[in-house]
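The values are calculated or read from the model by the stated rules, or taken from the named source; none is laboratory data. In this text the structure is predicted, and so the values were computed from the model without any measurement. Here the Cβ positions follow ideal geometry from the backbone for every residue, glycine too, while neighbour counts run over all protein chains shown. For accessibility, only protein heavy atoms count, side chains too; no ligands or nucleic acids. Shrake-Rupley method; radii C 1.70, N 1.55, O 1.52, S 1.80 Å.
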Amino acid sequence: MISRCNMLLDRIDAVEFQDAELKNSIKGEAYALRAWTYHYLGWQFGGMPLIDHELTVAETLQMPRSTQEQTFEFAANDYKKAIELLPEKWSGDDLGRVTKYAAEGGLARLLMFQSKFSEAKSYLADIINSGLYAMEEEYVNCFTDSHDNGKERVWEIQFTGNLLGEGQNFASGMVPETYPGGDFFPFGGWSSYIYVSNSMVNAYEEGDLRKDVSVITNIMNDGVIDTKYFIRKFCHFEAYVPQNRGDMANNIPVIRYTDVKMMYAECLNEEGYVANGEAFNILNEVRRRAGLPELTSATVPTQDAFRKALIQERRVEFAFEGLRWMDLVRWGIAKEVMNEFFKEKDEGDGLYSMEDFRTVFAIPHVEIERYNNKDIMWQNSGY
């Protein structure tokens, strides 16, 4: 991704465009995608080699790792360049391309990871005040193909069915290979499917409408009814019935508008707790859609109590969307939560534990060998 973005950015200014705005938009997309890549590499692995132009392989192998802070700064600057260049919205065949507000959402998420709440808040407010987005009335439509590029979707990965080779198979990875096909998914899935943990299933409050959208149980698996839970969230289709397990037309969310609003509520609470204030209104809007009772200052009486309520709400709202680990790390509770999780009978029954250094992943050994120079590419501490 970084290499392709650098290739485009190095060469595009030498090309004449009849439409100068389109040229700027293409540059903005490259900056946004490079920002996103460094953003995600940075929080997962720590400092990265910061490469902003085309290099040969030999030159690349001489680029040392930076710090995580420098990687985040690099990503933030790219997001800001993207925001300046990108349009507020696209239409027609361009619908779904990266917009100014998608880049603002990415930057806000990066700033939230760094606990820079006041900076994040301004970008989140800009998205909210744009008037271009709204929460879907029904939770399932945050994921249904008939609502692709709809009002909930700030940034999402685009897919197309009709056996064009542009469908997604992510959803089928949640389904057992030996599932014979049925009402919720027409095909079997992969041998590498995963069960949903009891801890996650039990995290849903009684009556939470998001549960049946997100997980399913009592399906046929290898000829018997399996009473464990499976991920259903990305298996909802309405406009197009996939023709094989890699032909789903459902877009995959990157940033949903609900996430924008919940991050904004978190910023408000970090600025200062306000009983039954705007942060409460946002959290209660999410809960109403889920069919749950509203929270009040009587049951959530302090800043820390609201913080804990928001942590719980984000867990069930964004289950399986790739945000939970990032949230746990940025909140500084990853070790605490994971060690409690490992006490669960179906998660090791106390056999496993997490150490502090595992909030960043190990640099893959193949990368260490490829560089073969620990002054250039070194392993993260603890591994």
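The table below gives the values:
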| item | result |
| --- | --- |
| Extended-chain gain in nm, criterion 0.36 nm per residue less alpha-carbon gap, VAL241 and GLU347 | 34.6 nm |
| Overall form of segment 238-363 per C-alpha gyration tensor (a/c, 1.5; a/b vs b/c) | oblate |
| Sum of side-chain charges, MET174 neighbourhood, beta-carbon under 9 Å (Lys, Arg +1; Asp, Glu -1) | +2 |
| Projected label distance in nm at LYS151 and LYS116, using a 7 Å step from Cα toward the beta-carbon | 3.2 nm |
| Rounded if a/c under 1.5, otherwise prolate or oblate - the chain, Cα gyration tensor axes | rounded |
| Given LYS211/LYS345; LYS23/LYS233; LYS80/LYS121, the pairs whose alpha carbons are separated by over 25 Å | LYS23/LYS233 |
| FRET efficiency, 1/(1 + (r/R0)^6) with R0 22 Å, evaluated for GLU137 and ILE194 via beta carbons | 0.15 |
| Over the chain: helical MRE at 222 nm, DSSP H runs n ≥ 4 each giving -39500 (n - 2.57), nearest 500 | -12500 deg cm²/dmol |
| Heavy-atom surface of the chain, accessible at 1.4 Å and reported per residue (Å²) | 49 Å² |
| Dipole of the chain [Lys/Arg +1, Asp/Glu -1 at C-beta], most positive-end residue of GLN243, ALA30, SER197 | SER197 |
| Average Cα contact separation per residue, segment 201-314, under 8 Å, 6 or more apart, as relative contact order % | 22 percent |
| Carbon plus sulfur fraction of accessible area for the chain, probe 1.4 Å, in percent | 49 percent |
| Simple spin-label estimate for PHE170 and ALA305 in nanometres, 7 Å along Cα-Cβ | 3.7 nm |
| Relative contact order (%) - segment 236-383, alpha-carbon pairs under 8 angstrom, separation at least six | 12 percent |
| Calculated FRET value between ARG11 and THR67, using beta carbons and R₀ = 25 Å, to 0.05 | 0.25 |
| FRET efficiency, 1/(1 + (r/R0)^6) with R0 41 Å, evaluated for ALA58 and GLU205 via beta carbons | 0.10 |
| For segment 1-93: rounded, prolate or oblate by the Cα gyration tensor [a/c cutoff 1.5] | oblate |
| Length-normalised contact order of segment 43-125 in % [C-alpha pairs under 8 Å, at least 6 apart] | 21 percent |
